[in-house]
Amino acid sequence: MRSHSRYDRWAGWAFLAPVACYLIACYAYPLYRNVELSLRRYTVRSFVSGGAPFAGGGNYRQVLTDPTFGPALLHTAVFTAVSLAFQFGLGLALAVFFHRHFPLSRLLRALFLVPWLLPLIVSASTWSWMLNSEAGVVNAALAAVGVAPVNWLTSPSWSLVSVTIANIWIGVPFNLVVLYSGLQAIPTELSEAAALDGATGAQRFWRVTFPLLRPVSAITLLLGLIYTLKVFDIIWIMTRGGPTDSSTTFATWSYRLGFGSLLPRFGPGAAVGNLLILVALVFGLAYVRLQRRPRS
């Protein structure tokens, strides 16, 4: 009996080992290296050969006192908040719409997944072409109705708006899929019972459906937050964080510090990346705490 128990224990460790190795190699070690990078003064030579001097919190102080920090923090907050609000709102509206199972609903739902399936470089390049000041289809459509052309990607007033619109378009399908799955899991008997009690369609949604959808909504918003905080491809391809840092976020700033010049600043770039990780970790822990709280 004892040998059988020992065999089960070793078998469990054997099944766990590949996952543990994967987590260590792909998550724990890169995170350790990023923290180590942010605590030393690395140059190109020391990055290759080693021996970078210890900087302590110097890189973090340098980042926090940099003139770019304030605008990048504001742009990251606005980009994330607006993207999440519209992605979740549009995704929820579409999920409720498709939940009615009308003819061609499956085909239309599949078409709405196209932005999610396209590579980000393709989506960002397409939006760059559409929003081009001189040859873009958006300005051509505006000119057709008598509206003056807009410098979507080259104006400091519109660059952040442009990349936010593109990110919303890409993120709506994810919200649609997850929220639609959540709606499918809610028993229809509850809504039917509320209808028999005289509740209107809006009342049934806000007082029956939406409260039952809150756990799915919470994880959707959390995953959307983590994804949006680290969005880099869309912004870099469309505006490169410009003009004049008007669309710079922490993700693009971190890349520009570490790899965007002939004299890379690996330490400050890693420090900015760690700040993003810290923000995502705080929201992740808040979500776990809310999930553990007993429901009334």
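Quick notes on this one:
Okay, residues lined up against (1) closer than 24 Å to residue 172 by Cβ; (2) of a type in the set (Val, Ile, Thr); (3) in a loop (DSSP other than H, G, I, E, B):
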residue	(1), (2), (3)
191	no, no, no
208	no, yes, no
218	yes, no, no
222	yes, no, no
227	yes, no, no
237	yes, yes, no
243	no, no, yes
248	no, yes, yes
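- Boolean, residue 269 is of a type in the set (Gly, Ala, Ser), more than 27 Å from residue 172 (Cβ to Cβ) and modelled with pLDDT of 85 or more: yes
- Residue tally, condition outside any helix (DSSP H, G or I), touching a residue at least 12 places away in the same chain (Cβ under 8 Å) and buried (at least 17 other Cβ atoms within 10 Å of the Cβ), over segment 155-185: 0
- Any chance residue 279 is in contact with a helix residue (DSSP H, G or I) (Cβ under 9 Å, 6 or more places away or on another chain), surrounded by 20 or more Cβ atoms within 10 Å (Cβ to Cβ) and assigned to a helix (DSSP H, G or I): no
- Residue 244 vs. criteria touching a residue at least 24 places away in the same chain (Cβ under 8 Å), of a type in the set (S, T, N, Q) and in contact with a helix residue (DSSP H, G or I) (Cβ under 8 Å, 6 or more places away or on another chain): no
- Residues being surrounded by fewer than 17 Cβ atoms within 10 Å (Cβ to Cβ) and in a helix (DSSP H, G or I) - total across segment 193-204: 6
Yes/no per residue for (1) within 23 Å of the chain's Cα centre (by Cα); (2) exposed (fewer than 11 other Cβ atoms within 10 Å of the Cβ); (3) in a helix (DSSP H, G or I):
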{"residue": "5", "(1), (2), (3)": "no, yes, yes"}
{"residue": "8", "(1), (2), (3)": "no, yes, yes"}
{"residue": "14", "(1), (2), (3)": "no, yes, yes"}
{"residue": "19", "(1), (2), (3)": "no, yes, yes"}
{"residue": "28", "(1), (2), (3)": "yes, no, yes"}
{"residue": "70", "(1), (2), (3)": "yes, yes, yes"}
{"residue": "74", "(1), (2), (3)": "yes, no, yes"}
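- Scanning segment 39-50 for any residue that is of a type outside the set (A, V, I, L, M), within 17 Å of residue 274 (Cα to Cα) and at pLDDT 90 or above turns up nothing.
- Residues in segment 78-111 that are part of a helix (DSSP H, G or I), surrounded by fewer than 16 Cβ atoms within 10 Å (Cβ to Cβ) and at pLDDT below 90: 97, 105, 106, 107, 108, 110, 111.
- Contact annotation: residue pairs with Cβ atoms under 7 Å, 6 or more positions apart or on different chains, pairing a residue in segment 37-54 that is surrounded by 15 or more Cβ atoms within 10 Å (Cβ to Cβ) with a partner that is aromatic (Phe, Trp, Tyr) and part of a loop (DSSP other than H, G, I, E, B), are 52/42.
- Qualifying residue in segment 249-259 (condition: surrounded by 13 or more Cβ atoms within 10 Å (Cβ to Cβ) and in contact with a His (Cβ under 6 Å, 6 or more places away or on another chain)): yes
- Test: residue in segment 262-276 that is part of a loop (DSSP other than H, G, I, E, B), touching a Gly at 6+ places or on another chain (Cβ under 9 Å) and without any contact (Cβ under 8 Å) to a residue 60 or more places away in the chain: yes
The values are calculated or read from the model by the stated rules, or taken from the named source; none is laboratory data. All of these numbers come straight from a predicted model, not from anything done at the bench. Here the Cβ is made from the backbone with ideal geometry for all residues, glycine too, and neighbour counts use every protein chain on show.
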